[in-house]
Amino acid sequence: MAVTGQVPIGTVALPAAPATTPEPRQLLAGASADRPSRTGRNLPVAIAVGLGLGAVLVLSLFLRKEVFLGLAVLACGVALWELDRALRTREVRLPLLPLLVGTVGMLVSAYSAGIEALLVAFLLTAGGVFVWRVLDGGGVVALREATTGIFAAAYIPFLAGFLTIMLSADDGPWRVLLVIALVVANDVGGFTAGVLFGRHPMAPTVSPKKSWEGAAGSLLLAVAVGVGFAVLLFDLPWWTGALIGVGAVLGATAGDLAESLLKRDLGVKDMGTTLPGHGGILDRVDSVLLAAPVVFAVLLVVHPA
């Protein structure tokens, strides 16, 4: 008796061949089309978006300081919204309204009155977040979401406030541009050295693509950028620029790893899809958030406003 789907040959039944067998070339083409790049990103799109974003930031810095301040408020607001969406995968919701109001208060206070005003605005925001969430319902869930909201306030708008403090100086646009340039140097140097020479993972369980060779590339390029800014724009000794570069790399790397750890705990690849090729706003500014207070502190010592 013949068996359906099989071709009898004597007493042995062999599986029937499929109607069409893909050519090896077709298989390879399909695999290459679906295979992600080594970076896991669409590199041409990422570069185009990065260049466009950089142009907007530079224009806003030197057009009017208030324009950059408005963009900073907007970026922090979107980053908080992205963080809220990611936290919902763990059934945690941020008290967004008091956080958004506090974001405006922190960034504007930092710009207009300095670090003391930033600290006061943060404390008011933390209190407002806690009261808002408790009034919306008590219990363990309220406590968890209130503390998460206070963390979000410290992580995003409070750290971003150091950028607006630097912006308020007479040479504020150059100080902010220094932070941005150092973070870009950290990313570009780390990417290039990591792709070409990366062999030893830095933190394989947190960010598998980061390597010690990439960290060395970040350090070299960031120190070069720091020295250039120090000597050519701020009239400082070269070693101060090297110090700023090293500090920026430490802060930027810590910020990147911290967000990677947060995403791993939440089980998400990116915090959002706002910026094609980069993920969300928070994915793009994670390094800036921790590099800014480090650069601010070093400049406060070597080049006070």
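Quick note: the coordinates plus some simple rules give every number you see, no bench work behind them. Predicted model, so just to flag it, every value in this text is computed and none were measured. Backbone-built Cβ (ideal geometry, glycine too); neighbour counts: all protein chains shown.
The table below gives the values:
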{"quantity": "Ellipsoid equivalent to region 156-236 - semi-axes via the Cα gyration tensor, in Å", "calculated": "29, 17, 7"}
{"quantity": "Measure of compaction for region 64-168 (Cα Rg per 2.2 N^0.38 Å)", "calculated": "1.06"}
{"quantity": "Under the span-like rule (Cα at least 18 Å along the axis, Kyte-Doolittle mean at least 1.0), DSSP H helices of the chain", "calculated": "43-63, 65-87, 96-113, 115-135, 140-153, 172-197, 212-232, 281-302"}
{"quantity": "Counted charge near Ala181, where neighbours are those whose Cβ lies closer than 13 Å (Asp, Glu -1; Lys, Arg +1)", "calculated": "0"}
{"quantity": "Max mean-square fluctuation residue, GNM over the chain, Cα-Cα springs under 10 Å, options Asp84, Asp286, Asp170", "calculated": "Asp170"}
{"quantity": "Debye log10 I(q)/I(0) at q = 0.19, 0.22 Å⁻¹ for region 245-305, Cα point scatterers", "calculated": "-0.70, -0.83"}
{"quantity": "Listed values [x] 1.15; [y] 0.93; [z] 1.12, entry calculated as Rg/Rh (Cα atoms, Kirkwood Rh)", "calculated": "[x]"}
{"quantity": "Relative contact order (%) - criterion: Cα under 8 Å, at least six apart; region: the chain", "calculated": "17"}
{"quantity": "Rg followed by Dmax, in Å, when region 119-210 is reduced to its Cα trace", "calculated": "19.5, 54"}
{"quantity": "Cα gyration tensor shape for region 205-261, rounded if a/c is under 1.5, else prolate or oblate", "calculated": "prolate"}
